Amino acid sequence: GDYPYWEKRESRQYTFRGDYQNKLGGGTHELKTGFTFDYYDLQKDERTNPEETDPDGDFPNQYHEEAYGGVLYVQDRLRYRNSMVMNAGLRFDFFDPGQNAVRISNQRVLALEKPTSGMSFLERWKAQVSPRLGMSYPISDRDVLHFHYGRFFQLPDLEYLYDYSNNPNAGNALVGNAFLEPETTISYQFGVRRQVSDRVFMDATVFFKDIFGLVGTEELEAEDERE
């Protein structure tokens, strides 16, 4: 037709998870710990202007990538004298975009005379330790102070890592980047809750949130093209 474009995509995610929870110290501590392991199987076949003599068309975006990721966490919920409640936890997130995607990204930046990245697992994986802390403390029979701090790990859409991953010569297309870092959010929150009556309460909260590592684009040119 007027826009000769064809696309087929398929994505599968397999998750293996285990959790453990127990109360310790006569119910003073409520301990939780666990892990999650994810396996991703991603396929995409995108063609523009396919023809009988050239079925792949112009700059095909075709890939079949496998990736791995997971989480380890531990959390303790502490109750002190049936009044103060504190939640403290630690979370470890990791993600491996896969050796093939890193190899293709290295080929692309090497052709542009840019520095490449290592191929080993420890060099290509993304990891972050994220502490979490929350507290609720009554200062009177009607007023409660509450506080929360957290650090959060968020993967970008995986197509931003893999588009054109098997085509190092993608022309001027917007290509994926296997070196893309995850998005990180740091959040603080502090507030006071007051029970005005049996049916009405007021809550005043001050919060701060810092988000960095957002997905963007960068124009890459070969060093000799700038001369």
note = From DSSP H assignment alone, runs of 4+ in the chain each adding -39500 (n - 2.57), the sum over residues rounded to the nearest 500 puts [θ] at 222 nm at -2500 deg cm²/dmol
inquiry  = Quick check: at a probe of 1.4 Å, how many percent of the accessible area of region 1-42 sits on carbon and sulfur atoms?
reply    = 50
ask   = Among the lysines, which have Cα under 30 Å from the Cα of K23 when same-chain residues fewer than 8 positions away are ignored?
value = K32
task = Taking mean projected area of the Cα convex hull in nm² as the quantity of interest, determine which of (1) 20.0; (2) 26.2; (3) 14.2 was computed from the displayed structure.
result = (1)
query = Label N87 and Y149 with points 7 Å out from Cα along Cα→Cβ: what is the distance between them in nm?
reply = 1.7
query = In degrees, nearest 10, range 0 to 90: what is the angle between the Cα axis of helix 99-111 and the longest Cα principal axis of the chain?
reply = 60
key: Heavy-atom surface of region 1-73, accessible at 1.4 Å and reported per residue (Å²)   = 70
query = In what sequence, highest mean first, do 83-91, 157-165, 120-128, 202-210 appear when ranked by Cβ atoms within 10 angstrom?
reply = 157-165, 83-91, 120-128, 202-210
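The values are calculated or read from the model by the stated rules, or taken from the named source; none is laboratory data. The model shown is predicted, which means the values in this text are computed figures rather than measured ones. All Cβ positions, even for glycine, are placed from backbone atoms using ideal geometry, and neighbour counts span all protein chains on display. Heavy atoms of the whole protein, side chains included, go into the accessibility calculation; ligands, DNA and RNA do not. Shrake-Rupley method; radii C 1.70, N 1.55, O 1.52, S 1.80 Å.
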